[in-house]
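Below is one structure, written out as structure tokens; comments come after it.
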Ligand code: FAD
């Protein structure tokens, strides 16, 4: 077993040597502690202890020194402490060490040491100058520990922290750590860029967008739109998890206290959303094109029937008149017969036309988000409005769902908006604004569609809802069935449509729909 060595110059601990003067003083006070005890305390201390002369020549080493360095006492006594030097410690470190201890001050620092077997370790060393009775440095007391493992662990933690921080920092996802009061504790670059774009803390806006779910501190992929640029909302998919860390406050050391945080992440899904809208618009376009085909066929056939019915009514009247006078008009019978046949053939043709009328698919009344319907319809006209320089003022109100036939409503609002755009197309106004607004009014939902076209003259205000009435020139652009269809759809929803304002500032159509129309079974 390796042994430590007693100081060469020591006669006996506590007898006459300057380093033991303190021990003597204590002995003098109580006499309870024998001087050997001080020797044993140092000998058994769990730290490598060495005592040197003023040039660092070793006079004494304890057991732990032997264990840490691998040198027996006899092998180092009389040698300089530099026997432990690995020579890879920078020279400035030794210079700092010596200038400190020679100024009679304590030095603490790290040195790279080499054991007897050649292996290296990191020593955390404290050197204390020991003074003689005259206040001059007579010895040095060195105490050191092998801190290689601690330092390795520390470095690993530091490396991992740096790695995690660099990944988090450069991640293309908004990451922010919030304290319990939702104050930002840490955030990454993506978060800071978002903050610069919104001009305020986006964490608050995101949590506000998440709504009630944010209170529980755990949510996943909640979609939130930030509208700091009203023309183009930025969509984020937000997730959050509660995290906690041990409280480092000294007074809470034994309490195992922890601090709670919320780790909020959000990634930009605007592109995805825009593609989703594009797909939805394309699907809507296909759907409305089909509806329009049916609608225009019905319009055409209705128009034809309307046009043909007039002459046939005249023919029927003529047949009636001729039948009444037939007796006093000899030879009228054959003509009457021909006319009756013509009348019957005509009515048969009309019946055929009516029977061949395509029937629009019967829709069920379901809960409908009217704002979504309006948004969809507006999206159908995006290209046209951009091309014609029309600015949309879209003012969706806070409205509940209503029971309605979604497809019919879509077709109806499409017609109103198309009329508005046609009207503004004819108008020389430089600024063309289409305003579409929704709001709740008691048990009704109100939608205003306003344009800045030429408006509708007073004398035509009631006529415009009649079938086949059209103000659109040149002919062919309107059949006059559009507003009649609007009226029909509104009627089947037990609502109303009116022209609120028809002149000066363009036309303003107002549609009122009951939130929960009492739809009869046969209608639903
Ligand atoms: P050196 O040429 O001996 O010294 C390098 C520089 O140190 C010099 O340029 C000079 O600035 C300074 N220096 C060295 N000796 C003196 C001196 N007597 N007076 C003024 N300046 C001086 N070193 C270790 O590497 N590991 C240890 O564990 C260790 N423990 C020590 C414990 C005690 C109590 C003391 C007093 C010193 C300890 N030293 C230790 C320092 C050691 O004595 C050497 O100074 C050091 O190892 C550098 O030695 P070197 O041979 O590489 O260079």
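For region 244-251, the criterion of a residue being assigned to a helix (DSSP H, G or I) and under 30 Å from residue 125 (Cα atoms) is satisfied by at least one position. All of 89, 100, 108 fail the test of being assigned to a loop (DSSP other than H, G, I, E, B), within 12 Å of the ligand (Cβ to nearest atom) and either closer than 23 Å to residue 138 by Cβ or touching a residue at least 12 places away in the same chain (Cβ under 8 Å) (or both), apart from 89.
Can you pull out the residues in region 315-334 that are in a helix (DSSP H, G or I) and over 22 Å from residue 345 (Cα atoms)? Before you say what the answer is, go through the steps one by one.
To start, the set of residues in region 315-334 that are in a helix (DSSP H, G or I) comprises 315-328, 332-334.
Listed by number, the residues that qualify are 325, 327, 328.
For residue 127, state whether it is within 60 Å of the chain's Cα centre (by Cα) and near the ligand (Cβ under 8 Å from one of its atoms).
yes
Residues in region 130-157 that are more than 20 Å from residue 85 (Cα to Cα) and touching a strand residue (DSSP E or B) at 6+ places or on another chain (Cβ under 7 Å): 5 in all.
Each residue in region 32-63 was checked for being within 21 Å of residue 101 (Cβ to Cβ) and either more than 11 Å from the ligand (Cβ to nearest atom) or part of a helix (DSSP H, G or I) (or both), and 4 of them qualify. None of 225, 203, 231 is closer than 30 Å to residue 380 by Cα and in contact (Cβ under 8 Å) with a residue 12 or more places away in the chain except 225.
Only one residue in 150, 167, 157 is away from the ligand (no atom under 14 Å from the Cβ) and either in a strand (DSSP E or B) or under 23 Å from residue 61 (Cβ atoms) (or both). Which one? Working first, answer last.
On the way: 167 fails: either in a strand (DSSP E or B) or under 23 Å from residue 61 (Cβ atoms) (or both); 157 fails: either in a strand (DSSP E or B) or under 23 Å from residue 61 (Cβ atoms) (or both).
Going through 150, 167, 157 in turn, just one is away from the ligand (no atom under 14 Å from the Cβ) and either in a strand (DSSP E or B) or under 23 Å from residue 61 (Cβ atoms) (or both): 150.
Assuming residue 206 fulfils every condition listed in (1) in a helix (DSSP H, G or I); (2) in contact with a helix residue (DSSP H, G or I) (Cβ under 7 Å, 6 or more places away or on another chain); (3) under 23 Å from residue 181 (Cβ atoms) apart from one, which condition is it? Condition not satisfied by residue 206: (2).
In region 68-83, the qualifying residues are those that are over 59 Å from the mean Cα position of the chain (by Cα) and assigned to a helix (DSSP H, G or I), and the one that is farthest from the ligand (Cβ to nearest atom) is 74.
Each value in this text was obtained by applying a stated rule to the coordinates, not by laboratory testing. Bear in mind the structure is a predicted one, so any value in this text is a computation, not a measurement. As a convention, Cβ positions derive from the backbone with ideal geometry for all residues, glycine included, and neighbour counts pool all protein chains shown.
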